[in-house]
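These notes are about the structure you will find just below.
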Amino acid sequence: MEIRQFAEQVLFGTRWEDKLVALDRYEDHTPGAGIATPSAPGRPPGLGLDEWHHRKKLRFRDVRHFHSEKERGLVLHFFANHELLALELMALALLKFPQAPAKFRRGLVQTLKDEQQHVRLYQQRMQEIGVQFGEIPVGDFFWQAIGPMETPLDFVTGLSLTLEQANLDYARHYAEVYRQLDDPETAAILERIYRDEIGHVKHGLTWFRRWQEAELSEWEAYRQALRFPLGPARAKGIGFNRVGRCQAGLSVDYIDELELFSQSRGRCPAVYWFNADCEAQVASNQPGRRPPQQVAELEADFQALPMLLGVRDDVVLLHKKPSPGFLRRMQALGFAIPEFVECSADGLAALAERKVNALRPWGWSPDSAELFAPLVAGLPRGGEGPCWSAAVRSLYAKSWSAARLGEFLAAEQASYLCGMDVVGAACETIEQAVAEIERLAEVGFDAVVVKAIYGSSGRGQIHCRGGQLRPEQRGRLKNILRQQGQVVVEPWLDKVADLSLHFDVGAEGAVTVAGWTRFFTDGRGQYRGSFVGSLTTGLDEEVKRFLYGDGRDARRLPKLGEQLAEWLAEPLCAAGYQGPVGVDAMVYRDRDRLRLKPIVEVNPRTTMGRVALKLQQAVNSARTALWRVISRREVVAAGFAGLAECAAALEAAHPVELMPDGKQLSGGVLFTTDPAQAQSFATVLIIGESLAACEGYLRAAGLAFK
């Protein structure tokens, strides 16, 4: 029989005799002209791909719980249809590409014959269980995804290296499932199919390597050759079978990339980008500003940090993906690995062809608005889009925060809150600032801080005492006013604890409160870390009672958080802002009593505290945990060659421990940004039975708690 005749009978036949026709000897003398892809293959009655549109579709997830023998048979029904679709697509490839190499066509014929045998095996086993092929509607995804192929490379990429590769996971997984269900007959069928699939992937891989672009790696070539709606995530099933992939001949580098690859299979992703210099961009109000060296180093080392905020289907833009070893470790500990997309013109262009549900830079600024502009068209109605305008810029100003604090205190006159005297005054000239400094000194505030209205982590501050500015401080103040137009002058308070409230502003001002965190800074006010979990770790009883209140004032802090979020949501929404908000607050000592300044500053962006809040989900609530930023400078001072050596030592000395259910961390040290690639900064999660234990881990390595 000619290969063409055989393929036509398989593809267009409407009887099982056609679909499963035996082929012992064959020739390929008259391959004929290539055909166009038909709308659907021929099918026996009850199995037409167009029939399920008229019948209620049953999804695989609806029957894979194996509650009965009937369900076990219906699971096989799905598998059998996939094998039938595969052999039909192979027949289609033989007819579409008659001029493909003869050796490729012969290999494809043998693979098709294997698929026929798989269908026979499934049919027989289903009949023994009492399920008829065609009893439930069949899906057409394989046909819709692979059928439009234009070249043999499209075929081997989509079928052999994607859908059949995924079966290396599924076949092995379900073979074990049926063994545990005491069904060795079905398990044996799946084992047979698994062994065959290794050969099928190997056949496709052999030809893929011949046809791929030579200058690309196997992984790069595979990703470039894939056609929508297929993506690398479709090449993975349940579990990840490295051994089978190695036996099929896939390279170790390719296997590493695929194992850690994540991409949405249907849900539109949120797109994250870590732009640490956003507030300086806001201050300059121009895109393209080069950040200071320290900030540039921070951005480079923390570019993958948003992976701690997103879920598996989300996208993180970056210039260099974390190392496979780091990602594999995070994945093994239950952290979601998102899809990483190169932050380049090509990467953004590819992303612009997809739908996304939210654009989430660390902060909106001229540069993030410019970067995300190509993705705006992919947002659905109501999606989180760009939030950049003159009105949004004003939200970053500390003068805006001070004004909101004054309004809030006027409306909420609780005795535990600060007074109007510590709100802070916006000043536009040196004379106004000096007059305010002198006024504060006269009413008893000897220490005063002058803050640039745009600045973060203690940058742009001038500290003075005794109501006086030194000459060099006047010069700094003059420069700040020239660049930013305003400063805020306020008392320097006797701080007891730094707190931050986190909430989200949605469409039309809807508010979702995420919670409170407590953070700590260095002497210059720069962020050093957060407590993960309890806010009161290490605080004395007086402060604990103050924060949580008692009697009628119980739940003081949660109630305040709800009030603040509702209060701030209206002006934030009115300015056009939608997204995460962090509000820094402070407990301070006012002579012989504690007071709370509920708004030190409002950050209309993501903050490190928000990441710490998300990390709470990964840590057992009975443990104490710190999330700490460490620098190369301090680890070198402690005697380490660099951050990678420090990470190796800390993680080896204090291995991560999991709860018995494997879902939360219960102890140990885990670096949450990749220390192998870090040049200047890294983040580390330290979990112990107490604060003293966590501090001890750091001290033993020569590092300070703060």
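What follows draws every value from the coordinates through simple rules; no lab data is involved. Quick caveat, the model's predicted, so the values are computed rather than measured. Methodologically, a virtual Cβ is constructed for each residue, glycine included, from the backbone with ideal geometry; neighbour enumeration extends over all protein chains shown.
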Would you compute the Debye intensity of the stretch 365-435 from its alpha-carbon atoms alone, equal scatterers and no solvent, and pass along log10 I(q)/I(0) at q = 0.16, 0.24 Å⁻¹ to two decimals?
-> -0.77, -1.06
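Divide the volume of the convex hull of the Cα atoms of the stretch 182-245 by its number of residues and quote the answer in cubic angstrom per residue.
Working: hull volume 7.1 nm³, N = 64.
Per-residue hull volume (Cα only) is 111 Å³.
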Calculated from backbone phi, Karplus (6.51, -1.76, 1.60) coupling profile of the stretch 506-516 in Hz, x at Gly/Pro | x, 4, 6, x, 4, 10, 10, 7, 8, x, 9
Write down, largest first, the equivalent ellipsoid semi-axes of the stretch 270-387 in whole Å, where each equals the square root of 5 times an eigenvalue of the alpha-carbon gyration tensor.
-> 22, 20, 12
How long is the stretch 394-609 along each principal axis, judged by its Cα atoms, biggest number first, in Å?
-> 49, 42, 33
Using 7 Å Cα-to-Cβ label points, what is the residue 35/residue 622 separation (nm, one decimal)?
-> 6.6
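Can you tally the net charge around residue 279? Count Lys and Arg as +1, Asp and Glu as -1, for every other residue whose Cβ sits under 12 Å from the Cβ of residue 279.
Details: positive: 289, 393, 398, 459, 605; negative: 277, 367, 601.
Summing Lys and Arg as +1 and Asp and Glu as -1 gives +2.
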Karplus couplings for the stretch 634-639 from phi (6.51 cos²θ - 1.76 cosθ + 1.60, θ = phi - 60°), rounded to Hz, Gly and Pro as x?
-> 6, 6, 5, 5, 7, x
Rounded to two decimals, what is Rg over Rh for the stretch 152-261 when you use alpha-carbon atoms and the Kirkwood radius?
-> 1.01
Footprinting exposure proxy for 689, 197 (fewest neighbouring C-beta atoms within 10 Å first) | 689, 197
Would you kindly state how much longer the chain becomes between residue 106 and residue 120 on full extension, computed as 0.36 nm times their sequence separation minus their alpha carbon distance, in nm to one decimal?
-> 2.9 nm
With 10 Å bins from 0: P(r) over the chain, alpha-carbon pairs, percent = 3, 13, 20, 20, 16, 12, 9, 5, 2, 1, 0
Cα lying deepest toward the dipole's positive end in the stretch 619-700, options 652, 621, 681, charges on Cβ | 681
Would you mind computing, in nm to one decimal, how far apart the modelled labels at residue 267 and residue 555 are, each placed 7 Å from Cα along Cα→Cβ?
-> 2.9
Spread of Cα-to-Cα distances over 5 Å intervals beginning at zero, given as percent, for the stretch 458-517 = 4, 12, 16, 15, 11, 13, 14, 9, 5, 2
Sequence-separation-based contact order of the chain, relative, with Cα cut under 8 Å and 6+ spacing, percent = 9
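With N set to the number of residues, divide the alpha-carbon radius of gyration of the stretch 561-667 by 2.2 N^0.38 Å and report two decimals.
Numbers: Rg = 19.4 Å, N = 107, 2.2 N^0.38 = 13.0 Å.
The reported ratio for this selection is 1.49.
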List every residue whose amide H lies under 5 Å from the amide H of residue 514, counting only residues 5 or more places away in sequence or on a different chain, with H placed 1.01 Å from N in the peptide plane.
-> 502, 503, 504
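Which peptide among 594-602, 322-330 comes first, and what is the full order, when sorted by highest mean count of other Cβ atoms within 10 Å?
Ranking the peptides 594-602, 322-330 by packing returns 594-602, 322-330.
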So what's the angle, to the nearest 10 degrees on a 0 to 90 scale, between helix 430-442 and the longest Cα principal axis of the chain?
-> 70
Summed residue charge, Cβ within 14 Å of residue 459's Cβ, Lys/Arg positive, Asp/Glu negative = 0
How high is the FRET efficiency from residue 417 to residue 570, r the C-beta distance, R0 22 Å, rounded to 0.05?
-> 0.65
With N set to the residue count of the stretch 619-700, report its C-alpha Rg divided by 2.2 N^0.38 Å to two decimal places.
-> 1.07
What are the residues whose amide H is under 5 Å from the amide H of residue 494, where those residues sit 5 or more places off or on another chain and H is modelled from the backbone?
-> 589
Where Rh is the Kirkwood radius over the Cα pairs of the stretch 1-148, the temperature 25 °C and the viscosity 0.890 mPa s, what D in µm²/s does Stokes-Einstein return?
-> 154
Does anyone have the angle between helix 643-653 and the longest principal axis of the chain? Alpha-carbon axes, 0 to 90°, nearest 10?
-> 80
Highest to lowest packing among 152-162, 539-549, 184-194, scored as the average C-beta count within 10 Å = 152-162, 184-194, 539-549
Based on DSSP H runs of at least 4 residues, each adding -39500 (n - 2.57), what is the mean residue ellipticity at 222 nm of the chain after dividing by all its residues, to the nearest 500 deg cm²/dmol?
-> -13000 deg cm²/dmol
Specify the inter-centroid distance of the stretch 164-240 and the stretch 413-447, based on alpha-carbon positions, in whole Å.
-> 68
Expected vector for the stretch 202-215, Karplus 3J(HN,Hα) from phi with 6.51, -1.76, 1.60 and θ = phi - 60°, integer Hz, x for Gly and Pro, equals 4, 4, x, 5, 4, 6, 4, 5, 6, 9, 5, 5, 4, 7
Built amide H within the under 5 Å cut-off of residue 532, gap 5+ | 625, 626, 627
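Order of 3-13, 505-515 by packing, highest average Cβ count within 10 Å first?
Ranked by mean Cβ neighbours within 10 Å, highest first: 3-13, 505-515.
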